[in-house]
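Let me begin by presenting the structure, written as structure tokens, before commenting on it.
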Amino acid sequence: MDLQLAGRVVIITGGASGIGRATADDFQREGARLVLADLQPAALATAVAELRAAGGEVESEAVDVRDYAACERLVARAVDVFRRVDVLVNSAGIGGVPALFTESKPSDWGDLIAINLLGVLHCCRAVVDRMIAQRSGRIINLASEAGKGNEKRIVVYGATKGGVISLTRGLAVELGRYGITVNAVCPGVTRTPMTSYITDEMEREWARMYPLGRLGRVDDIAPLIAAKMLTPLGKPAANAPKHFAAVEIVDRAVNAEWLSRATRILAKYWLTKNARRRLAHSLNCSKNSVSTS
């Protein structure tokens with residue numbers, strides 16, 4: 001798939017492992033230049049070495065997304081090395097220990113909120129001025145199915161991801177006029193280092209809720225992130241249809257409904273306002289023709 005990403009600059013937080021790492025592979029294969037951010041130095045060094053061995057242009061930065069100044073340094077590093085930033089993927093996140101809300105205390109919530117929600121806010125704010133100046137950009141936030149419906153024992157986690165979804169919608173409306181799209185991907189339960197507490201027995205039990213009979217894998221999610229690049233980067237803002245600014249949420253990657261949802265997403269992107277008018281006119285004419293015959 002040619003996503004026209006050759007030479008584009010992509011920042012990926014949480015890029016040393018899990019969904020972020022798989023996403024880096026996909027973007028590298030498309031010819032993008034990468035800046036990986038993470039707080040795991042050994043995993044980050046390994047990811048960079050592997051991507052470079054595959055022919056990728058890759059830089060890295062140790063970043064704690066709880067620290068806004070660190071996020072600013074991350075963007076500055078990308079600009080210093082590659083002169084621009086085209087895509088931000090906010091993949092850094094933690095799951096916390098599942099527990100009933102009544103069994104938790106405020107000290108248990110601090111990192112969940114600071115990383116999962118404030119971290120996304122920090123990175124978005126650090127990059128957005130640069131993208132506005134370019135009149136183009138893509139921001140893709142990793143949210144969660146829990147942010148849409150929430151569930152017991154992960155109430156605070158779900159609240160942080162619900163905040164990411166709301167942030168995504170608001171930013172999409174604000175930034176669309178500048179040729180910037182903001183989207184969120186909402187996986188269901190996915191086997192990553194963050195969910196290493198999940199045993200095979202637990203997966204067998206939970207997998208009954210999924211049509212494919214298994215939990216998600218990082219390779220299920222990363223292509224959905226890459227699919228957000230199907231709208232061309234650098235499209236003049238004045239010519240960008242309003243729906244380019246709309247947020248689309250992709251539900252459980254291993255849910256049987258995902259293909260029909262993805263089809264509707266692509267239809268929204270490519271069915272312009274004029275095309276919708278022509279279609280409505282055609283349907284109206286057909287209706288009138290039938291009713292008068």
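Readers should treat all values here as calculations from the given coordinates under stated rules, not as data from a laboratory. Just so we're clear, the structure is a prediction, and the values are computed from it rather than from any experiment. Note: ideal-geometry Cβ built from the backbone for every residue, glycine included; neighbour counts use all protein chains shown.
Using a 7 Å offset from the Cα along the Cα-to-Cβ direction at both Glu174 and Glu72, what is the distance between the two label points in nm, to one decimal?
Computed distance between label sites Glu174 and Glu72 equals 1.7 nm.
If you count, for each residue, the other Cβ atoms within 10 Å and average over each peptide, how do 178-185, 39-46 line up from highest to lowest? The partial results should precede the final answer.
Working: 178-185: 25.0, 39-46: 14.5.
In descending order of packing, they fall as 178-185, 39-46.
Can you list residues from other chains, or at least 5 along the same chain, whose modelled amide H is less than 5 Å from the amide H of Glu59?
When sequence neighbours closer than 5 places are left aside, the close amide H contacts are Leu34, Val35, Leu36.
Where in region 30-119 are there trypsin sites (Lys or Arg not before Pro) that are in a DSSP coil and have at most 14 other Cβ atoms within 10 angstrom of their Cβ?
Values: sites: Arg33, Arg52, Arg66, Arg73, Arg77, Arg83, Arg84; in loops: Arg66, Arg83, Arg84.
Those that pass, being in a loop and sparsely packed, are Arg83.
Given a Förster distance of 25 angstrom, what is the FRET efficiency for Glu50 paired with Ile94, based on the Cβ-Cβ distance and rounded to 0.05?
0.60
So for the pair Ser104, Met202, with labels modelled 7 Å out along Cα→Cβ, what separation do we get in nm?
Output for this residue pair reads 1.5 nm.
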